[in-house]
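Working notes, beginning with the structure itself.
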């Protein structure tokens, strides 16, 4: 279980302090597929970074399974089973997909196991296992490989920050299928996705609307989605795909 208690975050912009997250209290239960949406600039990505340990809160407390992780580094949180996927996955010149999966697993990983992780995200292993993680891969391919690294790490809490960013409609449709499969079959992992996309919201167990650093709505998909359809919080994929 993840608990955020009176969490606040203030950043300095152009010499002025701006409060991004405002006294936010939230409890997220285990084994849920949770989507956080809301207007641009509302604090969604900042909240994900605070949970992952990329940013440190100005005030408040973060508990993971009862352990206070507020002052823990991103590495320490990763050891506890928290994983974070960036909007734009990092490219690594000279590093193969197999190398990346072995590093993510943090243990000896067989070629067969690595291929299975790639298959789970819809990639043909023989075409990708020895490819370099560099500019020759498309944005959609990188996103799926990054999800494969999350699977290889076997994290207990996986955070995805706008995974649809920078990919085309075909790649987005594949991404939805991966998330649908994770939501249906991978019930030993809590998944938090930052997204505006209606198709991702439509498979959520729980939806949280964050605006101006505060939670304005929280509930099941059935409770929240009808209220936000047609807003810029819940976009049709054709509206924003590139």
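Does at least one position in segment 61-71 carry a residue that is over 18 Å from the mean Cα position of the chain (by Cα), closer than 27 Å to residue 6 by Cβ, in contact (Cβ under 8 Å) with a residue 40 or more places away in the chain and outside any loop (DSSP other than H, G, I, E, B)?
Among the residues of segment 61-71, at least one is over 18 Å from the mean Cα position of the chain (by Cα), closer than 27 Å to residue 6 by Cβ, in contact (Cβ under 8 Å) with a residue 40 or more places away in the chain and outside any loop (DSSP other than H, G, I, E, B), which makes the answer yes.
Here is a yes/no grid of residues against (1) buried (at least 17 other Cβ atoms within 10 Å of the Cβ); (2) closer than 16 Å to residue 141 by Cβ; (3) touching a helix residue (DSSP H, G or I) at 6+ places or on another chain (Cβ under 7 Å); (4) at pLDDT 90 or above:
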residue: 68; (1), (2), (3), (4): no, no, no, yes
residue: 83; (1), (2), (3), (4): yes, no, yes, no
residue: 86; (1), (2), (3), (4): yes, yes, no, no
residue: 94; (1), (2), (3), (4): no, no, no, no
residue: 120; (1), (2), (3), (4): yes, yes, yes, no
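Residues 199, 214, 177: which one is touching a strand residue (DSSP E or B) at 6+ places or on another chain (Cβ under 9 Å) and either within 23 Å of residue 50 (Cα to Cα) or without any contact (Cβ under 8 Å) to a residue 60 or more places away in the chain (or both)?
Working: 199 fails: touching a strand residue (DSSP E or B) at 6+ places or on another chain (Cβ under 9 Å); 177 fails: touching a strand residue (DSSP E or B) at 6+ places or on another chain (Cβ under 9 Å).
Just one listed residue meets the conditions, 214.
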Query - Single residue of 107, 93, 143, 126 found to be within 27 Å of residue 47 (Cβ to Cβ) and free of Cβ contacts under 8 Å to residues at least 60 places away in the same chain - result: 143
Report summary line: Requiring at least 1 residues that are modelled with pLDDT under 90 and surrounded by 15 or more Cβ atoms within 10 Å (Cβ to Cβ), the strands (runs of 3 or more DSSP E) wholly within segment 150-241 are 157-161
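Out of 4, 26, I need the residue that is in contact with a helix residue (DSSP H, G or I) (Cβ under 9 Å, 6 or more places away or on another chain), buried (at least 19 other Cβ atoms within 10 Å of the Cβ) and either modelled with pLDDT of 90 or more or in a loop (DSSP other than H, G, I, E, B) (or both). Which one?
4
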Query raised in the report: Conditions: (1) in contact with a helix residue (DSSP H, G or I) (Cβ under 7 Å, 6 or more places away or on another chain); (2) touching a residue at least 60 places away in the same chain (Cβ under 8 Å); (3) within 25 Å of residue 96 (Cα to Cα). Residue 150 meets all but one. Number of the miss?
Result: (1)
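The values are calculated or read from the model by the stated rules, or taken from the named source; none is laboratory data. Quick caveat: nothing in here was measured; it's all calculated off a predicted structure. FYI the Cβ positions are ideal-geometry reconstructions off the backbone, even for glycines, and counts take in every protein chain you see.
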